């Protein structure tokens, strides 16, 4: 079993991408996995916290670019930038609202595990995720108020804050207990823990495809266009944050991953049944780049790294474990 989990860890990006394919091709599997989504979120957050080096997290948190500046850019500036841009291009209020809300979401919790799979910086990713989540109960309702005027949508900031506190606090509490009573097991079987995280992300990716196949069959052109928009927004965010972060190549890719892959499901669930079909379709399409981008990055990262080493114009990683 341990060997199986280690093998899953090493093939993590491919496993995540295959989850989307399975969910689309076998809609019954997506419907079966959908009720498990909250549990899967808890499992991969817990597994991530078990594998984090606290010393590295403290170092990352002391860097204001990681803990303050870039989280503010992600969940405060970008939703307005992309929402207004979408409205200027399309003139569609529901689509611009969907994009603004999706970009207002914090980075996905699974980004930390994905960062480790890709050889990026999981501690840096965790700090960005947590610091962004702290802002969401204030920033997300404001974005909804600006772009959803007249659409009768509401996010309760207190309910959202309580949900985030329960998720992070509960997972941290369990992680502390496991570390205390089973520290040696955690240290010995880190790759197996990563395998459990990948499995949770795999089931999560299957569940997020629920209902998408039938929508594709009903409106193939409209869905294809929405998928293209979702990939375009994700890619634009990754380029923006990777380009803006003034660090090494690996730090840039870590920030890019967090800038593009957002926890759209968090705000989707907070809005509940009040979302329009257009918004629900966009939120569902956002799951495709979130779960396939790690495989795309895994393919391109070694090539970009070799290119940078050949040219010698950019550090691939930070010297001495420090972050710019």
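The values are calculated or read from the model by the stated rules, or taken from the named source; none is laboratory data. Predicted model only: the values in this text are computed from it and were never measured. Note: ideal-geometry Cβ built from the backbone for every residue, glycine included; neighbour counts use all protein chains shown.
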Just wondering, is there one or more residues in the stretch 115-132 that are outside any helix (DSSP H, G or I) and farther than 23 Å from residue 250 by Cβ? no
The residue from 84, 40, 74 that alone is farther than 30 Å from residue 186 by Cβ and crowded, with 17+ Cβ neighbours inside 10 Å is 74
Given (1) touching a helix residue (DSSP H, G or I) at 6+ places or on another chain (Cβ under 7 Å); (2) within 12 Å of residue 282 (Cα to Cα), identify the lone condition not met by residue 228. (1)
Those residues of the stretch 1-16 which are under 12 Å from residue 193 (Cβ atoms) and either without any contact (Cβ under 8 Å) to a residue 12 or more places away in the chain or crowded, with 21+ Cβ neighbours inside 10 Å (or both), in sequence order: 9
Single residue of the stretch 209-226 satisfying the filter (in contact (Cβ under 8 Å) with a residue 12 or more places away in the chain and outside any helix (DSSP H, G or I)) that is farthest from residue 291 (Cα to Cα): 211
Within the stretch 71-82, is even one residue closer than 27 Å to residue 173 by Cβ, in contact (Cβ under 8 Å) with a residue 12 or more places away in the chain and outside any helix (DSSP H, G or I)? no
Restricting to the stretch 141-188, and then to whatever is surrounded by fewer than 17 Cβ atoms within 10 Å (Cβ to Cβ) and in a loop (DSSP other than H, G, I, E, B), can you tell me which residue is modelled with the highest pLDDT? 182
Looking only at helices (runs of 4 or more DSSP H) that fall completely inside the stretch 1-65, which ones have 3 or more residues that are at pLDDT below 90? 2-10, 12-25, 37-51, 54-61
List pairs: first residue in the stretch 184-204 and touching a residue at least 60 places away in the same chain (Cβ under 8 Å) and on the phi < 0 side of the Ramachandran plot, second residue crowded, with 23+ Cβ neighbours inside 10 Å and not in a helix (DSSP H, G or I) anywhere in the structure, Cβ distance under 7 angstrom, at least six positions apart or on different chains. 201/110
